[in-house]
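Read through the structure below, which is laid out as structure tokens, and then see the notes.
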């Protein structure tokens with residue numbers, strides 16, 4: 001009897017530990033499964049963040065309003081097909097939104113005050129982090145953020161809703177009594193799904209999970225552990241497997257109720273007790289028979305437990321395949337059928353070779369089987385073929401199963417379909433490296449290929465060429481025909497250019513109407529390489545010659561090309577780009593519809609111009625501008641007014657000529673600020689003179705750039721300056737040039753009329769050097785014509801100049817306008833002008849431009865002021 005009790009007790013204890021270990025193994029396997037799925041989500045977001053960061057590195061000029069709008073559209077397109085991400089945003093170094101796929105995150109909205117965003121804004125360039133769960137007051141919901149630091153101190157971030165994790169857990173099959181949870185390192189519940197809860201539950205999101213289980217695991221410092229504890233959420237005692245998910249701030253908590261896990265053991269325990277009672281009742285004769293039966297029952301129950309374990313693991317979201325040691329398929333689950341299209345009955349008795357795509361060579365499979373033989377496992381990406389013939393990517397894991405004697409008995413394969421993930425990665429790659437309008441490579445891909453040449457030291461001494469192409473006057477075409485037709489034109493141009501380049505060359509669209517072509521393998525002789533590059537460039541020009549047809553209407557568009565040659569093994573990226581840009585500038589200066597090779601002399605001039613532009617941008621803040629005044633006098637020698645002339649006193653360059661910096665300021669629109677300062681300074685002086693009896697009669701002439709005048713609010717600017725300075729408007733004379741009336745003449749006239757109503761007068765400067773419609777001049781509220789100094793200088797020696805001056809004086813008289821001659825330097829010129837009816841003068845004969853403190857109260861008409 002004692003022996004019988006000992007045997008039954010031994011069996012019971014053994015079965016108890018066996019069932020406990022089986023529960024731990026089930027939980028651990030499920031924990032690995034969940035951890036792998038969560039990691040794959042953040043692997044996808046990592047790819048997206050890297051693509052956006054690379055795209056932003058190409059925006060060298062920063063994100064302006066227009067670029068911010070374009071980036072917003074790009075981000076929205078990027079995330080449209082990736083449903084598992086909620087939004088993607090780009091923030092500046094202060095935490096303000098620059099662009100976002102969320103419509104309720106407009107540019108300028110501050111997000112830096114949200115939880116964890118201070119941590120994101122401290123990320124170094126390229127550094128990444130994933131936040132624990134937090135409540136977002138901006139999104140009005142719980143969020144998890146994956147972010148990456150940018151070079152300018154900003155950050156690009158992807159927001160994920162925690163519902164994503166819940167639905168992922170709910171999609172995984174689960175046996176009775178099991179529960180799965182994801183908890184962050186702050187001990188907040190991120191997602192939980194339990195098989196014993198009908199339809200699962202999303203409740204408790206963000207709830208703090210207290211209890212010895214989590215505390216013990218966190219304090220252990222281990223990556224995973226198995227525990228038996230009561231749940232902090234519902235009080236049920238469970239077997240738990242807790243595991244850290246890689247480097248992420250999350251852990252998986254997989255549980256199975258103790259009562260469910262040990263249900264079979266309890267049943268067997270009662271069976272053992274019943275057997276013991278029966279054995280005692282029937283006597284010793286039947287003892288051996290019942291012990292044999294006991295052993296068989298135990299084996300059967302163990303087999304059933306193993307089958308339950310296998311069934312629970314077998315029906316997962318992963319495809320599973322079991323073969324014997326010879327590779328003959330014995331089992332396949334429903335997910336395998338869903339992925340491959342093969343029903344289990346169709347593959348039983350066959351080998352996995354039926355899935356072969358034919359895309360992998362013998363060496364690939366040899367390496368695979370070597371790993372299985374040496375390490376009993378292999379995993380990796382492989383291309384297989386579905387039943388319908390479609391080739392698809394999958395992640396395959398093969399494990400060898402051995403018995404107690406270490407003999408191979410089976411192979412178990414798990415596979416997951418990577419088709420959707422690959423499609424998402426292709427979408428990200430397409431948006432990151434290709435222009436969405438034309439389908440051509442973008443600037444980023446062109447830079448990558450140039451950098452690839454830079455890294456490749458094994459290339460020969462061949463030349464390559466970089467060709468920049470700009471469409472001539474594209475802005476005018478775009479403004480005239482509209483952006484829709486402008487986009488249509490760009491697509492047609494891209495198609496034509498692509499048709500004439502080699503497949504080995506890279507044709508890219510850099511932005512707007514700018515294209516680039518990288519041509520490699522031009523040979524080792526410079527002259528031959530230059531000739532070949534010229535032939536390629538001429539093909540590009542030729543491709544544009546035929547009229548483009550836009551909505552049935554023909555349009556001729558030309559292009560300008562800049563070409564630079566370089567050795568393929570000596571790639572100075574910045575230098576090459578600058579040289580191609582310089583060559584393009586040369587082509588535009590040469591008259592457009594042409595090509596130009598890089599010229600080092602022009603490059604030197606452009607570099608000097610760039611330095612001048614940089615200095616010019618600092619001139620106004622540094623107070624380097626000054627107004628000089630040149631008197632205007634009557635024939636009687638009386639000073640009737642002055643012209644305010646801008647001078648730039650640079651600390652290193654000295655006095656910079658207005659002819660050198662004014663055109664540059666107009667081209668870069670810096671003239672708006674500089675001209676505004678000059679007008680305000682002149683009006684302040686005019687207001688001061690209004691209180692001076694000796695100078696209150698003087699008229700102040702101020703030059704106005706056409707760029708200033710064409711500003712929509714130019715009239716309001718002038719009136720605001722007059723009001724602020726209290727300068728008398730009737731003493732202010734604005735000098736404008738004939739070029740102002742070449743375009744938008746009615747708008748210019750309307751502005752002049754509005755200012756004239758206030759008392760401001762106008763003088764037409766440099767008259768005779770441009771083209772003016774005399775009939776239109778009659779409609780303008782002009783007070784004066786100013787004869788250009790080039791005619792005055794030559795009038796005594798050149799009959800044509802003299803005739804032009806006489807005509808201008810006659811025209812001014814007929815239009816009842818004053819006339820003033822600019823540039824008089826000799827008494828003979830003054831006398832000639834006086835004789836022919838000119839009554840006002842301005843020139844070195846009378847005075848050079850002077851600073852205010854040296855401006856005389858009056859002038860003699862017969863003496864000039866020394867320099």
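Nothing in this text is a laboratory measurement; each read-out follows from the coordinates by a stated rule. Remember, it's a predicted structure, so these values are computed and weren't measured experimentally. Don't worry about glycine lacking a Cβ; one is built from the backbone with ideal geometry, like all the others, and counts go over all protein chains shown.
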Length added when fully stretched, residue 530-residue 546, from 0.36 nm per residue minus Cα-Cα: 3.2 nm
Hydrodynamic radius of region 625-854 per Kirkwood, over alpha carbon pairs, in Å: 18.2 Å
Where labels lie 7 Å past Cα in the beta-carbon direction, separation of residue 753 and residue 419 in nm: 7.0 nm
Mean separation of Cα contacts under 8 Å (6+ apart) over length of region 625-854, as relative contact order %: 19 percent
Cα-based helix-to-principal-axis angle, 419-433 vs the chain, degrees rounded to 10: 20 degrees
Computed E for residue 10/residue 222 - FRET, C-beta separation, R0 30 angstrom, nearest 0.05: 0.40
Full-stretch length increase - residue 712, residue 797 - with 0.36 nm per residue and alpha-carbon distance subtracted: 26.2 nm
Computed FRET value (nearest 0.05) for residue 230 with residue 40, which takes r as the C-beta separation and R₀ as 25 Å: 0.20
The chain - Rg (one decimal) and Dmax (whole number), Cα, Å: 42.3, 156
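Based only on other Cβ atoms within 10 Å, what is the fewest-to-most ordering of 760, 253, 702?
On the way: 760 21, 253 27, 702 24.
With the fewest neighbours first, 760, 253, 702 line up as 760, 702, 253.
Quote the relative contact order of the chain in percent (integer), defining contacts as alpha-carbon pairs under 8 Å separated by 6+ residues.
6 percent
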Distance-filtered residues of region 504-525 - backbone nitrogen under 19 Å, label point 7 angstrom along residue 570 Cα→Cβ: 519-525
Residues of region 377-401 with amide N under 12 Å of a point placed 7 Å along Cα→Cβ from residue 357: 381-386, 390-396
Angle in degrees between helix 658-667 and the longest Cα principal axis of the chain, rounded to the nearest 10: 40 degrees
Projected area averaged over orientations for region 315-423, convex hull of C-alpha atoms, nm²: 7.1 nm²
FRET efficiency estimate (nearest 0.05) - Cβ-Cβ, residue 505 to residue 25, R0 41 angstrom: 0.10
Between helix 600-619 and the chain: long-axis angle, C-alpha atoms, 0 to 90°, nearest 10: 90 degrees
Potential lengthening between residue 607 and residue 273 on full extension [0.36 nm per residue; Cα-Cα distance subtracted]: 110.4 nm
Value at 222 nm in deg cm²/dmol, rounded to 500, when DSSP H runs of n ≥ 4 in the chain each add -39,500 (n - 2.57): -14000 deg cm²/dmol
Ranked list, fewest to most other Cβ atoms within 10 Å of each Cβ, for 422, 406: 406, 422
For region 434-598, diffusion coefficient by Stokes-Einstein and Kirkwood Rh (Cα), 25 °C, 0.890 mPa s, µm²/s: 152 µm²/s
Likely footprinting exposure, 338, 96, fewest C-beta neighbours within 10 Å first: 338, 96
